[in-house]
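One structure is given here, and the rest of the page talks about it.
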Amino acid sequence: MGGGGSSTRRVTFEADENENITVVKGVRLSDSVIDRMKEPSSPSGRPQSQQRTASGAVNDEELKKRIAEELALERARRESEAQKRRELGLWSLEKRRLQGDLRAASQYLKGTAGKVGRNFSAGPVARQLEEKDRELKKHDAYYKEQLARLEERVSLLSYLMKSSLFLSATDFLVLFYK
C-alpha cells in the first residue's frame, strides 16, 4: 500500500470536534481512493442491490419460498391450536353440565331424604354420583395433561420457527453483503 520501501512509517489518527470524521496522517492514498472518498455516499444501500448477480436473485427467491413455507407452517400450527382449544372448550362445557346435574341430583336427594326419612335408601344414587365425580376428575386430569402437552409443543414450535427465521435472515444478510 503506497511506497515500495520497507521503511517504518508513523501513522496518527485524529477526530474532529464532532467526532464524526477520522483524519489519518502519514498514509498515502491512491487517486481512485481519493475520488471515491469525494463522491457522495449512496442512500441506504440501493446500488448494492443493483449489483447483485443472478445467483443472488435465485437465492432471494429461495429465501422468499422458505419464508412463505415457514409462514404457512406457522398458520397451520395456529389453526391446529385453535381447533384443540375449541375441543377443550366443548369438553369443559360438558364437564360444567355434568357438574350441574350432579349438584341438582345431590340437592334433590338431600330434600327427598329429609321428607322420606329413614326408609329412603340413597345408596345406589350416591354410588352413581361418586362414579360421575370420579369420571369428571379423570376427564379433568386428562385435559390438563393434554393442555400441558399442547403448550409444550407450541413453545417448541415457536422456538423452532424463530430460530429458523433467524437463520434464514442471517443467510440472506450474508448473501446480500457478499
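Quick note: the coordinates plus some simple rules give every number you see, no bench work behind them. Keep in mind that this is a model prediction, so the values were computed, not measured. Cβ coordinates were reconstructed from backbone atoms using ideal geometry, including for glycine residues, and neighbour counts include every protein chain displayed.
Report the gain in length on full extension from Leu157 to Thr170: 0.36 nm times residue separation, minus Cα-Cα distance, nm rounded to one decimal.
Between Leu157 and Thr170, full extension yields 2.7 nm more.
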*Please work out the C-alpha center-to-center distance from the range 157-178 to the range 73-95 and express it in whole Å.*
30
*Over 32 Å between alpha carbons, listed pairs Lys65/Lys144; Lys64/Lys84; Lys64/Lys144*: Lys65/Lys144; Lys64/Lys144
*Excluding residues fewer than 8 places away in the same chain, name every one of the lysines whose C-alpha is closer than 18 Å to that of Lys110.*
Lys132
*Cα gyration tensor of the range 127-177, axes a ≥ b ≥ c as square roots of the eigenvalues: rounded (a/c below 1.5), prolate (a/b > b/c) or oblate?*
prolate
_Given points 7 Å out from each Cα along the Cα-Cβ axis, report the Tyr142 to Gln99 separation in nanometres with one decimal._
1.8
